[in-house]
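Q: The structure follows.
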Amino acid sequence: MTLKIRVIAPDKVVWDAKAEEIILPSSTGQLGILTGHIPLLTALDIGVMRVRINKDWKPIILLGGFAEIKNNNITILVNGAEEVKEINLEKAKNDLEEATKAVKEANSSKEKIEATQVLRKAKAKLQAAIVSNS
């Protein structure tokens, strides 16, 4: 049996395929889903979704949203998503350093919130780069 997975962003369907397993970045931690999972609705955090097709893992960066699991169908509604084709590991590390610096230098609440979002995205990209390079 397989899982039918659809990732839908406001502007397009990012992913529509079958897989054996999925790991979601839920708001309470990593959430692994296999076939036969009980129905579930969960909030998603910014992070890396990993999908196992055959024996290969494919990372996809999710920018927050919700997932519904029901009858081996997983529908994921996200604020945004990025498929990871190639991420330069060194660039991802540099982006994370710059984002960390921006959070430290932020003065207003708005700047801190925006910088923190950029930092979380940079962490997700680095994690995805590590997954795709291993």
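Just so it is clear, none of the values below were taken in a lab; they were calculated from the coordinates. Just so it is clear, the structure is predicted and the values come from calculations on it, not from any experiment. Note: ideal-geometry Cβ built from the backbone for every residue, glycine included; neighbour counts use all protein chains shown.
Q: Fewest first, what order do M49, M1 take by the number of other Cβ atoms within 10 Å?
A: Least to most surrounded, the residues fall as M1, M49.
Q: Okay, moving on. How do the peptides 101-109, 39-47, 27-35, 74-82 rank, highest first, by the average count of neighbouring beta carbon atoms within 10 Å per residue?
A: Result, highest mean first: 74-82, 39-47, 27-35, 101-109.
Q: Using every Cα-Cα pair within the chain, state what percent have a distance larger than 23 Å.
A: Roughly 34 percent, rounded to a whole number.
Q: When only DSSP loop residues count, what trypsin sites (Lys or Arg not before Pro) in region 1-39 have their Cβ near at most 11 other Cβ atoms within 10 Å?
A: K12
Q: Assuming 0.36 nm per residue, please report the length gained on full extension of the stretch N94 to K110 beyond their Cα-Cα distance.
A: Between N94 and K110, full extension yields an extra 3.4 nm.
Q: On a 30 Å Cα-Cα criterion, which of the cross-link pairs K70/K93; K18/K104; K18/K101; K55/K91; K58/K93; K55/K123 come out too long?
A: Beyond 30 Å: K70/K93; K18/K104; K18/K101.
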